[in-house]
Structures are given as C-alpha cells and as structure tokens.
1. So, in Å, what gap is there between the alpha-carbon centers of the range B:114-145 and the range A:288-347?
2. For B:LYS145, A:LYS164, B:LYS71, give me the order by solvent-accessible area with a 1.4 Å probe, most accessible first, ignoring ligands, DNA and RNA.
3. At what distance in nm do the modelled label points of B:MET150 and A:PHE11 sit from each other, each positioned 7 Å from its Cα along Cα→Cβ?
4. Please compute, over every Cα-Cα pair in the range B:83-166, the percentage with a separation greater than 19 angstrom.
5. Please give me the summed charge of the neighbours of A:GLN140: other residues whose Cβ is under 14 Å from its Cβ, Lys and Arg +1, Asp and Glu -1.
6. By what distance, in whole Å, do the Cα atoms of the range B:40-116 stretch along each of the three principal axes, largest value first?
7. Rounding to the nearest 10 and keeping the result within 0 to 90°, find how far the Cα-based axis of helix A:407-425 lies from the longest principal axis of chain A.
8. Report relative contact order for the range B:5-68 in percent, whole number only (criteria: Cα-Cα under 8 Å, sequence separation at least 6).
Amino acid sequence: MDAILEVLAYFTNMRFVLMVFSGAVSGLLVGAIPGLTVSMATALLVSVTYTWAAQDALAMVMGVYVVGVFSGALSAILLNIPGAPASVVTTLDGYPLARQGRAREALRYATWYSLIGSLFGILMLWALARPISAFALRFQPMDYFLLALFGLTMVGALTATSFKRGLVSACLGLVVSMVGLDSVLGTPRLTFGIQQLTAGIHIVPVLIGLFGFSEVLMVLGGQQDEGEMARMLKSLIKTREVLKHWAVSLYFSLIGLLVGALPGAGAPVASFLAYGSAKKLIKKPSAPFGEGAVEGIVASESANNACIGGAMIPMLTLAIPGDAVTAIMLSVFYVHGLRPGPLFIRQSPELFHSIIAAGLLACVFLLLLGLFVAPRIARLITLPRRVLMPLVAVLCAVGAFAGNNRLFDVGVMLVFGVLGFVMRRRHYPVAPMTLAIVLGRMMDEHFRRAVSLALPEENFVMALFGRPITLALLALVLIVLLSKLPWVRKRFKK
Amino acid sequence: MKLQRSSITNRAAFFEGCLILLAGAALGWHALNRHAQLARVDWALSPYLFPLLVSMGLFILGILLMLEGMKPPNQTTKQPLHWPTVVMTIGCALCYFLLMPFLGFALATALFLLAMLLFLGERRVLMLILLPLVFSAVLYILFGKLLHVMLPGAPVDVLGRAIDLIL
C-alpha cells in the first residue's frame, strides 16, 4: 500500500511530470521520424542529463522510451516506413488501412493497444521485480559471469543473420570495455600509452557513435525512399469499438513481456511472434491479414510496447539489459553512480518507484499525444533527410563532448560511428557490442573473483560450477551455443 | 598450407576472418607478454586473464569466419550504397572535429551545417543561411549557457561572441 502511495505521489510532483512530458514529446518526434531511433535519442539524453538528478534523468528517459516505441507506428501507418524496428510489423496492416483512407482509425488502434501493452509491461515489472531480486540475492560471482555470458550469446544469436558475427561483435565490445585502469590491481590495461584512455573509453560517446553517427551514415548513404504520405481522412470510430480486442491483446502483451525479458530479443522479435500467433488465433479478422486487418496492429503494438517492462526486469534486478535501449539506460544508472542489481530495489526503493511512476505517466502521455497530437504532426515526419541528418550529426558531436567536456570524446564518437556503420553494412549487429561494453567490466571482475575464490578449494571445478544455479546457467549458455552448431540444427530439423 | 585461389568463394568473409584472427592473436600475445611483466601476480588475479580469454574467442571466431569464406555466399539482397556521400560526410565530420578548437564551437557548427546542406543538395538560400545560424545558436545557448557545458571557444568564433554579447 505504501508503495502504491509513493508511486502516486509522483503524479503530483510537477517537476517530475514535466520531465516525463518532455521525454514523451521527444519520444513522439524521435520515434515517428524515420532515421531517428529511440536508442539514438536515449544515448544523446545520457549526455544531456549528465548533471541532473538521477530521478529527473530517468523520468525523461522513460518518457522517450515508452512514447518512442509507440510512435514508430506513426510513420509505419502513414508512410509505410517503420519509424523504429519494433514497428516493422505494424506496416503490414497499418499502411493498407491508411491507403483505404482509414489512417486515423489505424492510429487510434495503434495508440490504444500500445497503451495496453505498455501498462501491462510496467505493471508486471512492478509486480515481478521484487521476487526476482530476492532470488538473485543467491547469485555468486560465477553466476553473474554466466548470466552476462548468456545475455551476450542470446543477443548474438537473435540479432545477427550469422551467430558468428554476433559473437565477434560481442568479443569486440568486451575488448573495448577492458581499456583503462584495471579495477583490481589499478594497472593500466590496453591503453597503449594514450593518456586519455587511462580512465577507460567513456560509454556515452561510444553509444552515440554506434547508434547516432552510424545511423546518419546509413541513412545518407542508403539512398532510401522518402515514402509517400497516406491521406489523413476524418473517419469516425468509437473507442468502445476499438477496445473490443482488449482481452486478446493481453495475450500478445504477455508474449511481448516474455520476449522483452529475454536478453537480446527485443521488440521487433516480439511483434513478429505476436503477429504470427494472431494469424493462428484469430480465425475471422476484420480483413485478411496483410490487407488492413486491425487485429494485426493490435498484435504488433501490444507486443512491442509490453517489451519495455519486460526488458527492464532483468536490467533492474540483475543488471543485465534486455535490449539496446535498456543497455543505454544502464549507463544512465552508472553515470549517476547507481548500481542496478538484486539490491537495487532494497537500497533505492524511491528510485524504483520513480521509474514505475515515470512509466505510468508516460503511458498517460502516450494516450494523449497519440490521440490528439500524432495525427497533426504527420507533416513533420516527412522532413527531408538532407536537412535532418546534418542536424543529428551535430547533436552527436555535442552530445559526445558534453559528458566530459573533452574533444577526445568527439573523436571516439566518430571512430565508433564509422565502426558501427561498417559493422552494420557487413551484417555485424551492434547490439551485442553495446551489451558487451556495458557488461564487460562486471564480467571481468566476477570471473576473476570466482576463479580466485575457487583456487584454494580441493575440487576447483566443483567450486566453480557445483551449485544448482550455476549449473543451470551453464546449461543455458551451452544450449544457446550448441543449438547454433550446424549438425545440431540439422538433427533438430529432421 | 597453400590455399587455392578458387577455394575462397566469399572473399569479404574470408578476409574479415583473417583480420579477426590476427586481432585475436595480437590481443593474446599482448596479454601473455604484459602478464609476464607483472611481478608475482597470479593468473587468477591478473588483469590480462580476461583479455586472454577474449583473444581465444576472437581467434576461434576468426577461423570460423575464414571457413565461412570458403563456402558460397548466402543469397542476400545487397542494399545500395552511395559511397561518395558516406566519404564526404565522414570527411566533413572529421574537419568539423579538427577545426573546432581553432574556430570555436558555434562557428565550426554553422560552417559544418552549411557544407553538409550544400553537399546534400539543399539550394534554398534562406534555409542555407538560417538553419546553420539558428541551430548553432540554439545549441550554443542550450549547452553552453543553460547546461554549463564548456564548449570549445576561439578568438575567431564571431558567432559565439555575438551570442555572448546579446545575452
């Protein structure tokens, strides 16, 4: 009861509400404009919110995250270009509906079911975070190492066309994370005599480079179509009519929550899975799937928004992010000297409640902005890329500089921007690298601690892996690795 | 081992594999070499234990990618790429980064935006003048004045000094 009152108290804190609102408006624009992504905006926000209180920074990030994932549907419906990867599936039925002159109706469906998905995810985060944290208190250093390794292998497996490339990306990220002073002995490691590297490669310019500047290069070099805007006719549809799919949307939200909690899978996978199950589950859709079935929008939008809460569960309770945005979010915690993990909710309950409150407030703004503002910003999302991208490049530079007030970081951002661009062109996903950079130091520390604790024991292997949790995690890592071996896959296909 | 020229069917993957294998080998050598220089430090506590493990991972992945390079490439649709735009954007960004200490943040930003807009085909004079000036000024005020970021300044940064005078 106290927790509920504490969360509700944030609703009356005008400064807090304003922070979430600013984030929500930014999220609406960023998510809707093709070429701008929620990950990019969150990475830029880390540098802007560097000097703010953690509560304010997280309130704004939550606003961007919740509304940004939803607003990808705007350009998906109006332009047939998903504003975010999570909205790819929404284009399948959203754009055909818009071509029939029912764009406003499609947007209403997207808004209401994004709201249901987001609310479901955040409420489940609220309910499940404490028991999961309590369980995670039993974890030993080796368990943390294996859990992070499981996260990296999963991201590698799910985000890349080739598993090897996903793992290469993760290994390169681990190398980057090891640069700087070693936390145990205090000796410089992989700095090669460069003074600026002694403190390590700062995460913010790396993230801005990988997600921001590389995106600028991808968009400008990609010669993509600007897209043709569907007409926005005024079609009347009652809210009661829109909401008649609420029960089935909870099932899609559950898919989103589970997929979101799995490290690496993220909203695009969730929406594809939900869409697939909608095709099997709903025998008589309003129109054939792919030709303007509102049920397609219901499945895609409830699942991709429920991922938000799902991805935050492992991030807050185990410090293992569920997707790229939560990996960047984790860096917000670190920048503010906070340590997510099993003790986070016990040690900082007010911050946990503020995240829940920010998520719920963002849901309110999602509804308001989605119903009243989204149909009116249609013209803005067709802002030409030749104007938009140079502005984003400047934001990347200033964002990279602002964290530490040093030009060296702008250089780091450019290097990682070009690296991210080359990797994406060569089908190496950047998400495993991001996760590895964020988790690398933790993995290194826990691994060395586990090995040095096990060394004096009589049976070294049993001391390392002898506990049931450790064995279960080791089995998970091995399953992911073995399932990618060609002969294992062939056997299972048979 | 002499590799037959025709056995490499996916050259890009093969050379990427070579590069990753070399990176793994170099990291492993560096880790072993640096650990040897540390006086009486056990491997369990060594800062080079984890780099050594990662180097092994890179080495194995490099070999696997090289093997992949010997198989026919997957039939994936290649996305078109306009290389001159990419090279020019990187070049402009590099100049922006290198010139910022000499021109100051506001002037360097305005010039970078002008160059990029012109290169990307923007020809509306009003847009070419107003957008770089207004956007640079907004960022200068937002970051330099409101968020107290110490943006690079220079005597020739007339734009920054003009904003300072107005404020």
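1. With the range B:114-145 and the range A:288-347 each reduced to a Cα centre, they are spaced 35 Å.
2. Of B:LYS145, A:LYS164, B:LYS71, the descending order of accessible area is B:LYS71, B:LYS145, A:LYS164.
3. For B:MET150 paired with A:PHE11, the spin-label model returns 4.5 nm.
4. Beyond 19 Å sits 39 percent of the P(r) for the range B:83-166.
5. Working: positive: A:ARG138, A:ARG448, A:ARG449, A:ARG467; negative: A:ASP143, A:GLU445, A:GLU457.
Summing Lys and Arg as +1 and Asp and Glu as -1 gives +1.
6. Rounded to whole Å, the extents work out to 53, 50, 12 Å.
7. Approximately 70 degrees, to the nearest ten.
8. On the way: 69 pairs, mean separation 34.6, N = 64.
Relative contact order, the range B:5-68: 54 percent.
The values are calculated or read from the model by the stated rules, or taken from the named source; none is laboratory data. What you see is a predicted model; the values in this text were computed from it and never measured. Cβ: placed from backbone, ideal geometry, glycine included. Neighbour counts: every protein chain shown. These accessible areas exclude ligands, DNA and RNA; they are computed on the full protein's heavy atoms, side chains included. Shrake-Rupley method; radii C 1.70, N 1.55, O 1.52, S 1.80 Å.
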